[in-house]
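Below is one structure, written out as structure tokens; comments come after it.
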Amino acid sequence: MHTVIVKYQLPEARSRQAMFDAFTAAQGQFASLPGLVRKYFCYDEVAHCGHSVYLWQTKEQAEAFFGPKFVATMQDKFGATPEIFGVDTVLVVDGPAA
């Protein structure tokens, strides 16, 4: 598996609710991505910084997704150029169900 962490600094403050609404509107586009196991939408309201964590079946599937189109979408939706970092996922441990 392969994990990708995306960080993007927003040019202006947005509320947690505004980000939740944006994330909710976007969640459907990720549900059918080939190879995507899981995606976390995260937001640091104090720092105005978004973070996303993606878990992919393969590095190749991740690399196919994070191209120029992804960067352009982030710039268009959030006015931010994302920092993208990928790493081999050696082990995943799930905690007890909540």
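Within this structure, residue 40 fails the test of being buried (at least 16 other Cβ atoms within 10 Å of the Cβ), of a type outside the set (Gly, Ala, Ser) and under 11 Å from the mean Cα position of the chain (by Cα). Of all residues in the stretch 3-22, exactly one satisfies the criterion of being among the aromatic types (Phe, Trp, Tyr) and surrounded by fewer than 16 Cβ atoms within 10 Å (Cβ to Cβ), namely 20. If you go through the stretch 19-45 and keep only what is farther than 14 Å from residue 78 by Cα and part of a helix (DSSP H, G or I), you end up with 24, 27, 28, 29, 30. Evaluation of residue 79 against the conditions (1) of a type in the set (Gly, Ala, Ser); (2) over 23 Å from residue 1 (Cα atoms); (3) surrounded by 12 or more Cβ atoms within 10 Å (Cβ to Cβ); (4) without any contact (Cβ under 8 Å) to a residue 60 or more places away in the chain shows that the sole unmet condition is (4).
Can you pull out the residues in the stretch 23-37 that are exposed (fewer than 13 other Cβ atoms within 10 Å of the Cβ) and over 22 Å from residue 87 (Cβ atoms)?
24, 25, 27, 28, 29, 31, 32
The set of residues in the stretch 46-82 being within 15 Å of residue 11 (Cβ to Cβ) and not in a helix (DSSP H, G or I) consists of 47, 48, 49, 50, 79, 80, 81, 82. Can you confirm whether residue 92 is assigned to a strand (DSSP E or B) and in contact (Cβ under 8 Å) with a residue 40 or more places away in the chain? Against the criterion (assigned to a strand (DSSP E or B) and in contact (Cβ under 8 Å) with a residue 40 or more places away in the chain), residue 92 does not qualify.
Computed from the coordinates by the stated procedures, all read-outs in this text should not be read as laboratory data. Small disclaimer: the values here were computed from a predicted structure and weren't measured. FYI the Cβ positions are ideal-geometry reconstructions off the backbone, even for glycines, and counts take in every protein chain you see.
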